[in-house]
Amino acid sequence: MGKQLLPDKLIALRGKRKRSEVAKALGISVSALQMYENGQRIPRDRIKVKLARYYGVSIEYLFYDGEAE
């Protein structure tokens, strides 16, 4: 797999889940999640941790080059 940027990874990990479902589970607004997925905003550190835990991947995978664990 080639290099994926954060927005691509977030969209792929979300799959068929609704943005509202993911945002609620993370305790963020739907618009914030949408901005992360569109590359308009970078999440704060505490949200990075929540994203990684929710999707079951490492922070390194989400925010640095690398393959899924």
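Read-outs throughout are calculated quantities, based only on the coordinates presented, and are distinct from any laboratory measurement. The shown structure was predicted, so the numbers you read here are calculated from the model rather than taken from an experiment. Quick reminder, even Gly has a Cβ in these numbers, built from the backbone with ideal geometry, and neighbours come from all protein chains shown.
What is the list of residues in the range 43-63 whose amide nitrogen lies under 14 Å from a point 7 angstrom out from the Cα of Asp8, following Cα to Cβ? It comes to 62-63, nothing else. So for the chain, taking the charge dipole from beta-carbon charges (+1 Lys/Arg, -1 Asp/Glu), which of Ser20, Leu51, Gln40 sits furthest toward the positive end? About the Cα centre, the residue reaching furthest to the positive side is Ser20.
Per DSSP H run of n ≥ 4, the term is -39500 (n - 2.57); total these for the chain, divide by its residue number, and report the mean residue ellipticity at 222 nm rounded to 500 deg cm²/dmol.
Working: 5 runs with 42 residues, N = 69.
For the chain, the value works out to -16500 deg cm²/dmol.
Which net charge results for the neighbourhood of Ile11, defined as the other residues with beta-carbon distances under 12 angstrom from its beta-carbon, given Lys and Arg at +1 and Asp and Glu at -1? Net charge in that neighbourhood comes out at +3.
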